[in-house]
Amino acid sequence: MGSNQTAARPAGQGGALVVEDAGRVSSYLKYTTGLGEDQGVVHTDGPVREIKSRLDLAEFIVRDIPLRKSGPRWVGLCPFHSDHDPSLVVFPDGGWRCFGCGAGGDVFDYVMLRQGWDFRTALKELARDAGVELTPLTPEQQKAEAERRGYEAALELAPDHFAQRLRDTSAALEYARGRAWPDEAITAERIGYADGSPLPSLGNDRAQAVASALNRWAGGQGGAIVYAHRDAGRVAYLSGRAVAHKAHWNPPANLAGPKRPYLNACYGPRVSELVVVEGQADAVSLAGWSIPALALAGATPTGDLAAHLKRHAEQGCTIYLAPDGDGRTDVAGIVEAVGPLLAVVRLPDGVADTNAYAQGGATDADFRALLEDAPTWLTQEIARVASVNGRERTGARHELFERLARLDPFVLDEYRGAVTEALHISVAQFNRLLRAVEAEAVDERRNGHGDERYTVEGGRLCCIKFSPNGERYAQPLCNFTANVAEDVAHDNGEDVTREFEVTGTLDDGQRLPAVRVDASKFTAMGWVSDLWGVGAVVRAGLSTRDQLREAIQLRSAQAERRYVYTHTGWREIDGQRVFLHAGGAIGLSGVSVELDREVERYRLPSEPTDVVEAMRASLRFLEVAPDAVTVPLWAAMYLAPLAEIIYPDFVLWLYGVTGTLKSTLAALALCHYGEFDGKSLPASWTDTANRLEMTAFLAKDVPIVVDDFAPQSDPYRAREMEQTATRLVRGIGNRNARRRLRSDLSLRPTYRPRSLVISTGEQVPDGQSIIARVYTVEMQPGDVDLGRLTVAQAEAARYPHAASGYLQWLAGQWGHLSATLPGEWLSVRARILAETRGQHLRIPEVLASMWIGLDIGLSFSVEMGALTEEQAQVWRDRGWAALKARARLQAERVEHERPTARFFEILGTLLDQGRVRLDELRGTGCVGGGEPIGWHDENRVYLLPGAYNSVARYLRDEGGHFPVKERALYKALVEEGYLQRMEAGRYTDRLWDGERSHRVLWLDRDRLSTHIEILAPAPAVMEAVQEGIPF
C-alpha cells in the first residue's frame, strides 16, 4: 500500500467510516486479529469453530454487561465507548456489533477488545472456558490461521463502507425499502450499496481485491445492492445484486473460495426453526419478520452446506424449504441433506419467491400461517407416488419404500397409515414390501465388498459356488486379479465419455501393465486380450465374462474418481462461471483439465500478477506493425472469449509473401493464452479437415492459428487444401460441422467450431462465398518493426497475466455483457451498413465483431488503469480507421471473387492470349484466336455453353478450380442482369450463323466490355459514334 492511500475504521453513528492513514488501519487489524509482526497463532480454525459452537455468546457477554432480549437478538450498552442508548447487538449466529462505534466480530474479538488480550491468549482462555483441548500447529498452519483472521478482520470493514453508501444514496435506499425490507432489517443485515465510487483501503490485499472486484462490477451495472455473508459471527463473503436489472455477482473463487450461503441476522446455530430459501433478498425479508433463514445464494446443498443442514435436523430443528416459483431450487439436494421430513412451504400461485410475497403486502402472520400448513416432503412424495401409473409405477414405489426403511421406527409408524391409504394396500402388504426392501439393503451391504459372491484364491479371481451337498468352493474366472484404479470421466462440452485405468497381476505373481479401457468396451471384456495379450486368460463359459466384469467392479469400490474437462473456455461448474485452460480453471480451484496435444499450450495463471503492467505490455503489441495488421490481431485476442455472446463467424486471414513474419506475429499475439512461437502453433493446413474441425471445437473461446496456407505444385494437393479450407471456413461461418454416424447408424456428437480461427499463408482461398467469411490482412515485407518485435517477444510472458485478469473481469459482469453486447453489435453493424451500401452483408458483420473485441479490450485497459480514457479513445479512432480501411479492401476482393466477375476476367485473359475466339456474326473478322466459343455483333455477345469448359480447363491447368457449377454461373448472370432468361426456363436461345442453328447465351456487349477490354470499341470508333460520323 502506498503512503497516500486512505483506510477505514469503524467509528461514529450508524457504523459510518472514518478515513484515516493506512498505517493506523494496519495497527488496528493486528490488534483485532491478535497477529503482530513476530507472532503467529498456535491453533487451527477447527478448535476456533468448536469453541464458538460451545459458547453461547449472549450468555458469555451477559457476565460482563447487562443485556435484554429484542426479538431474536440481545441488546445492551456498548462497553467500548460512552453509550447511553443501547447500541450493542448480539446476534444468534455468534456475532456481535455496536452500531454506535462500529466495533464487532465474534467472541474472540469481544474478549480481545475487552481484556486487551492478543489472539493467542484469547484462544487459550476461551478454550479453557469451553472445555476444548488445544494442540500445537506447524508454522504453515499458523500462517494459514493468521491469513484467515487478517482477511476476515479486513473484510469486516467493507460492509460498513457500502452501508454508508446506501444511506447516502437516496435512490438506492428507496430501492431497498421497495423490496419490502424494514429499516431495522436493512441495518441488522448490513445491506450496502456499491456504484464504483472510490473505496477506502481495507488494510489487506485479498479483502481489498474482493471488495474492489465487487465495486467495479457494480459500477458497470449502474449500481448494486451488497450482501454481507456471515460465518459464525464474522463477515466471510460478499455478493451483489444489480439494482437496474436482474444480475448477480459472486467473487472469483480463487479470491474468496466457493459460493457461500447467506445466513440472515436471526439465524443461529441453536435455532429451533430454519427456513431455507433461494436468494439473499428472501432471507432479508424473513429477517424483517424475525424468522431465521438460510439462503442458498447459488451454493449447492452438498459438502459442508449439506453437513450444516444435517446437523440442524439432528438437533431437532424444524427445517422448512420455501422454493422459488421457477422450479429451479434443488429440492432433491436439500432432501438428501435434511431427510424426507423437510417441510415444504407452498407460496400462493403466481408468487415468484418469498421476497415477492413480502412485496405483495404479506405480513409475518401470513408467512407463519404458511409454515403451519407446510406439509413434509415425504407427504408430498407419497401423494406423487400414488399418482404414478404405467411402467414407472414399480420403480416409484420401490424408491418410496427405500426411504421409508431409513426412517426412525416411531416416525415410520406415523406414516404407515398415510402410505396404505394412498397406495390402496393393506398393512400386511406394507410390512411385506418394507421387509423386502430392508433385505435388499442387507444384501447390498454384504455384496458391496465382493466377499460373498467372489473371492481371490491362488492369485485368481473366483466365483463362489456351492456343490449339491452344500459345500462351498471357488471357481476361477481367469488367471489373474484385477481392479479399477481410476474411473475418469472426460467432458468435452458436447458429450461425456468414461475411461477406466485397470491394474492387474497374473497368478504367477507377474504384474500386468496399467491399461486404459474405454468404459463402453469394458463390459464385453475383450480388452483383456487386446491390452494384456495372450498371457491373461479369461475362462470359458457363457456367463464367465459377465461375472468377471462384476467381480472387478465390486473389488473397485474405492477406485479414485476423477472428472476431467478436455476443452478450453467457459463452463459453469458448481454454479460458478470459470474459464478452463491447461493448468485448471480461472475462477475455481481443484478443476482437472487435460487437453489434446494441439491445445495443451493454452495455459494461463489462475492468479494473475501486476495486471496493469501486463495490459501495458499487451497494448505495446499494437506498435509492432502498422495498425492495419496489429489492430485486427489484438482485437481477436479480446473477442475470442466472448464467443458465447458474439460468435466470431469468420476467419482472420494473414497473408503475404514468404519472409513477412506472418507466423511469428500470429504466434506473438497467441501468447496472450500461453507460450507459443512460429513453430508451435496449434494447427496447420497440412492437417486433415477432421483434425482441424476437432481442434476448432476443443479450443473453445480462445483464438487458434492454422498455419501456412501455401501454394502447392501438385494439383491434387492444391485442390485438397482448397477443399479443406472451404469446409473449415464454411463450418465456422455457418457454425456447423459434418454429421457422422456410428457403426450402429446412430448419430455421433457434432463437433461445431467454438474458437476464433486465425490463418496464415501466402495466398487466400478462391470463391466469393469463402472470401466473404474471411477477414483478410495483407502483410508486406518490412511491415514488422524488428526492434519492437524483439521487445514484444521478451515481454510476451506477461500477456497471459493480462488475459487472465481480463477473463476474471468478464466473469464478474457476464450477465451484464450478455444483455448489452448483442445490442451494441447490432448498432455497430447498422452504422457500417449505412456507410457501405452494396457490400456483401457478411463484411459489416465481421467488422462489427472485430470492433467489439477492440472496444472491450480497451475498456478493460481503462478500468485496470493501463490507459486513460483519452488514450483509449485515440486507439479507438486509430483502430476504427484501420478496420474500415481493411474492410474496403475486403469488399473489393469479394467483388473480384464473384463467379460472374471471375468468369469474365478469365474469359478476357483467354481472348487476349488468343486461346479462344469470338467470330463476327455478320462478317469474317474475330476477337481473339484459337478455339471458337461464340459470336459477337455491335450489341451482343453470343457464347456457346462450351465457354464455361474453356474457363474451367484454364483454371485446372493453373492448379485452381472454378468456384461454381455451370448452371449456378448462368443463374448468377441472370440475377446480375448480364443474361436474359428465355422461355421455358432456358438460359440459352437459338442463333443462326448463316449455316446452321446453335444454342447460345445472349449477353449484353456493353456490360461485358466493362470486364473484357478487348470487346470495347476502339477509341477512334467511339469518337466517331459520339460525333455522329458514319463509318
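The values are calculated or read from the model by the stated rules, or taken from the named source; none is laboratory data. These numbers come from a predicted model, not from an experiment. For neighbour counting, all protein chains shown are included, and Cβ atoms are generated from backbone atoms with ideal geometry for every residue, glycine included.
Quick notes on this one:
Conditions (1) over 23 Å from the mean Cα position of the chain (by Cα); (2) in a helix (DSSP H, G or I); (3) under 21 Å from Asp701 (Cβ atoms), marked per residue:
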| position | (1), (2), (3) |
| --- | --- |
| Leu619 | yes, yes, no |
| Leu622 | yes, yes, no |
| Leu652 | yes, no, yes |
| Val657 | yes, no, no |
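- Yes/no for Val351 being in a helix (DSSP H, G or I), in contact with a Phe, Trp or Tyr (Cβ under 6 Å, 6 or more places away or on another chain) and surrounded by 14 or more Cβ atoms within 10 Å (Cβ to Cβ): no
- For Val564, the requirement of being outside any loop (DSSP other than H, G, I, E, B), touching an Asp or Glu at 6+ places or on another chain (Cβ under 8 Å), surrounded by 13 or more Cβ atoms within 10 Å (Cβ to Cβ) and touching a residue at least 60 places away in the same chain (Cβ under 8 Å) is met.
- Long-range neighbours under 6 Å by Cβ, at least six apart or interchain, first residue under 23 Å from Asn734 (Cα atoms) and at pLDDT below 90 within segment 839-865, second of a type in the set (Lys, Arg) and part of a helix (DSSP H, G or I): Pro844/Arg829; Glu845/Arg829
- Applying the criterion of being in a loop (DSSP other than H, G, I, E, B) and touching a strand residue (DSSP E or B) at 6+ places or on another chain (Cβ under 9 Å) to the residues of segment 202-224, the residue that is surrounded by the fewest Cβ atoms within 10 Å (Cβ to Cβ) is Gly222.
- Phe60 satisfies every condition listed in (1) assigned to a strand (DSSP E or B); (2) modelled with pLDDT of 85 or more except (1).
- Selected residue (criterion: farthest from Gly257 (Cα to Cα)) from residues of segment 310-330 that are hydrophobic (A, V, I, L, M, F, W, C) and at pLDDT 90 or above: Cys317
- A search for C-beta distances below 8 Å between a residue of segment 384-396 that is under 19 Å from Pro340 (Cα atoms) and without any contact (Cβ under 8 Å) to a residue 40 or more places away in the chain and any residue that is of a type in the set (A, V, I, L, M) and not in a helix (DSSP H, G or I), counting only pairs 6+ apart in sequence or on different chains, returns Ala396/Val388.
Matching residues to (1) among the aliphatic types (A, V, I, L, M); (2) on the phi > 0 side of the Ramachandran plot; (3) free of Cβ contacts under 8 Å to residues at least 24 places away in the same chain:
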{"site": "Asp610", "(1), (2), (3)": "no, yes, no"}
{"site": "Ala614", "(1), (2), (3)": "yes, no, no"}
{"site": "Ala636", "(1), (2), (3)": "yes, no, no"}
{"site": "Leu652", "(1), (2), (3)": "yes, no, no"}
{"site": "Thr664", "(1), (2), (3)": "no, no, no"}
{"site": "Ala667", "(1), (2), (3)": "yes, no, no"}
{"site": "Gly674", "(1), (2), (3)": "no, yes, no"}
{"site": "Pro682", "(1), (2), (3)": "no, no, no"}
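- Taken over segment 446-498, the criterion of being among the acidic types (Asp, Glu) and at pLDDT below 80 is satisfied by Asp451, Glu452, Glu471.
- Taking each residue of segment 73-89 that is over 21 Å from Tyr267 (Cβ atoms) and looking for partners that are basic (Lys, Arg) with beta-carbon atoms closer than 7 Å, six or more apart or interchain, yields Pro79/Arg114.
- Qualifying positions in segment 506-544 - of a type outside the set (A, V, I, L, M, F, W, C), under 39 Å from the mean Cα position of the chain (by Cα) and not in a loop (DSSP other than H, G, I, E, B): Pro513, Arg516, Asp518, Ser520, Lys521, Asp530
- Qualifying positions in segment 309-344 - among the polar types (S, T, N, Q) and buried (at least 17 other Cβ atoms within 10 Å of the Cβ): Thr329
- For segment 585-600, taking the residues that are in contact with a helix residue (DSSP H, G or I) (Cβ under 8 Å, 6 or more places away or on another chain) and of a type outside the set (Gly, Ala, Ser), the one that is surrounded by the fewest Cβ atoms within 10 Å (Cβ to Cβ) is identified as Asp596.
- Checking each residue in segment 266-302 for being part of a loop (DSSP other than H, G, I, E, B), among the charged types (D, E, K, R) and within 33 Å of the chain's Cα centre (by Cα) picks out only Glu278.
- Considering Glu600, Glu623, the condition of being of a type in the set (Asp, Glu) and outside the structural domain of Asp877 (by TED's automatic domain parsing) is satisfied by Glu600 alone.
- Residue selected from segment 571-584 under the condition surrounded by 23 or more Cβ atoms within 10 Å (Cβ to Cβ) and either assigned to a loop (DSSP other than H, G, I, E, B) or not aromatic (Phe, Trp, Tyr) (or both), by the criterion farthest from the chain's Cα centre (by Cα): His581
- Residue within segment 529-537 that is out of contact with any Lys or Arg (no Cβ under 6 Å at 6 or more places or on another chain) and modelled with pLDDT under 90 present: no
- Hits in segment 313-347 - residues which are β-branched (Val, Ile, Thr) and within 33 Å of the chain's Cα centre (by Cα): Thr329, Val331, Ile334, Val335, Val338, Val344
- Against the test of being in contact with a Phe, Trp or Tyr (Cβ under 8 Å, 6 or more places away or on another chain), in a strand (DSSP E or B), among the aromatic types (Phe, Trp, Tyr) and at pLDDT 85 or above, the options Tyr237, Tyr227 yield a single qualifying residue, Tyr227.
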